[in-house]
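Written below as structure tokens is the structure these notes are about.
The values are calculated or read from the model by the stated rules, or taken from the named source; none is laboratory data. Values in this document were obtained by computation on a predicted structure and should not be read as measured data. Ideal geometry is used to build each Cβ from the backbone, glycine not excepted, and the neighbour counts take in all protein chains shown. Just so you know, the surface numbers come from the protein's heavy atoms only, side chains and all, with ligands and any DNA or RNA stripped out. Shrake-Rupley method; radii C 1.70, N 1.55, O 1.52, S 1.80 Å.
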Amino acid sequence: LGRPLHVALAAMLAQVAWHWRLIRHRTREGCFRAFTRNHWLGFTLFAGIAAGFALR
């Protein structure tokens, strides 16, 4: 799947770091914000896999 998957994994790593920054102090607002935006992790992985297959 090559480069698109690697780009997607790098983007996911950035998103995980952002989520960690939101929840590190365990505030209600930060945790809720991370929870409501966690679907972007799955979308990023899906987009990387789909792009990898599309560019084959």
- line: Exactly one of Arg56, Arg3 is outside any helix (DSSP H, G or I) and over 9 Å from the mean Cα position of the chain (by Cα), and that one is Arg56
task: Working only within region 20-56, note down all residues that are among the charged types (D, E, K, R) and over 16 Å from Pro4 (Cα atoms).
output: Arg21, Arg24, Arg26, Arg28, Glu29, Arg33, Arg37
query: Which residues, taken from region 4-30, are farther than 14 Å from Phe43 by Cβ and among the polar types (S, T, N, Q)?
result: Thr27
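Of all residues being β-branched (Val, Ile, Thr) and not in a loop (DSSP other than H, G, I, E, B) in region 6-35, which is least open to solvent (accessible area, probe 1.4 Å)? Just the residue, please.
Of everything passing the filter in region 6-35, Ile23 is least open to solvent (accessible area, probe 1.4 Å).
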- request: Among the numbered conditions (1) open to solvent by less than 60 Å² (accessible area, probe 1.4 Å); (2) free of Cβ contacts under 8 Å to residues at least 24 places away in the same chain, tell me where Asn38 comes up short.
  value: (1)
